[in-house]
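Bear in mind that the values in this text are calculations on the coordinates, not laboratory data. Values in this document were obtained by computation on a predicted structure and should not be read as measured data. Note that we place each Cβ from the backbone using ideal geometry, even for glycine, and neighbour counts take in every protein chain shown.
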Protein chains: 2
Amino acid sequence: MTAQLELVETFAALGDPVRQLIVERLAEGDATVNELAALFPISLQAVSRHIKVLEAAGVVSRSRVAQSRPVHLEAASLIRTADWLEAHRLRLESRYERLDAVLEELKES
Amino acid sequence: MTAQLELVETFAALGDPVRQLIVERLAEGDATVNELAALFPISLQAVSRHIKVLEAAGVVSRSRVAQSRPVHLEAASLIRTADWLEAHRLRLESRYERLDAVLEELKES
DNA sequence: AACTTATTCAACCAAAAGGTAGAATAAGGT
DNA sequence: ACCTTATTCTACCTTTTGGTTGAATAAGTT
């Protein structure tokens, strides 16, 4: 999967209220599917699928501990995503600084 | 619209390949619907709707210049979104620092 | 081996998303 | 007034998404 595609997938993964709350919970620490499902008024299976979406996007990873499959939030994906936003914000703002400079010059002349 | 909802909407808005490319283009400067539509192999109407989604999420804003409705990327929404990611990354990592500290203590004893 | 716990798979359904094309609206130019 | 340009609205269609339930799998306990 290319970096660009993964980024789109990451945004899409975070663009669902249930998944966004799952991520917020996981920022506090790893959790099992059961624990996460307890937070929502939907079935365990539905939550399991949400986690699958997050995993496919690289937002979370999973391991095995006895019967459980603890879900772990991946900092790297958060960083990559924030970096993309930051890069575009900077490009946008530097453009405006240039524009401001031009306007300033015009004012002076 | 609450901040939380807007954030979900923003992620969802960026979670589409066409819209993500629109944002990348807009980081270079404002553009009209026509100009943006020229970048994609889909109809003008489809692009117009993508822009509407971005606008509803607060990612872009629009003005009027003659018949055109130039689309402008909103830095504030990029910042809010990046901030959310950053905050959760930090919470996640500070947790691991604490864990590392605990492991370090155990090693010493 | 049988039972319990944790999670996933599969089939199904309704709603939402993303595309199309044609008609309508808005603003400028002749 | 009329014509052109830019954009949006509407109706429609297909695919994807998010939910459900019941059955299956995986691992641990008795």
On Cα atoms only, tilt of B:3-14 relative to the major axis of chain B in degrees: 70
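Peptide A:19-26: average number of partner chain Cβ atoms within 10 Å per residue?
Values: counts 2, 8, 2, 0, 4, 5, 0, 3.
Other-chain Cβ atoms within 10 Å of each residue's Cβ, averaged: 3.
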Distance-filtered residues of the stretch A:11-29 - backbone nitrogen under 13 Å, label point 7 angstrom along A:SER68 Cα→Cβ: A:29
P(r) histogram, all alpha-carbon pairs of the protein assembly as shown included - 5 Å bins from 0, percent: 1, 6, 13, 16, 16, 14, 11, 8, 6, 4, 3, 2, 1, 0, 0, 0
For the stretch A:1-88, alpha-carbon Rg and Dmax in angstrom: 13.0, 44
Full-stretch length increase - B:LYS52, B:GLU28 - with 0.36 nm per residue and alpha-carbon distance subtracted: 6.7 nm
Residues with amide H under 5 Å from that of B:VAL60, placed H, sequence gap 5 or more: B:GLU55, B:GLU74
Computed helical MRE - 222 nm, chain A, DSSP H runs ≥ 4 contributing -39500 (n - 2.57), nearest 500: -22000 deg cm²/dmol
Phi to ³J(HN,Hα) by Karplus 6.51 cos²θ - 1.76 cosθ + 1.60 over the stretch B:86-91, Hz, x for Gly, Pro: 4, 4, 6, 4, 5, 4
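Summarise the partner chain shielding of A:69-76 as one whole number: the mean count of Cβ atoms from other chains within 10 Å of each residue's Cβ.
2
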Number of partner chain Cβ atoms within 10 Å, mean per residue of B:6-12: 5
Principal-axis tilt of helix A:44-56 within chain A, Cα atoms, nearest 10 degrees: 40
Using θ = phi - 60° and Karplus 6.51 cos²θ - 1.76 cosθ + 1.60, couplings along the stretch B:18-25 (whole Hz; Gly, Pro as x): 5, 5, 5, 5, 4, 4, 4, 5
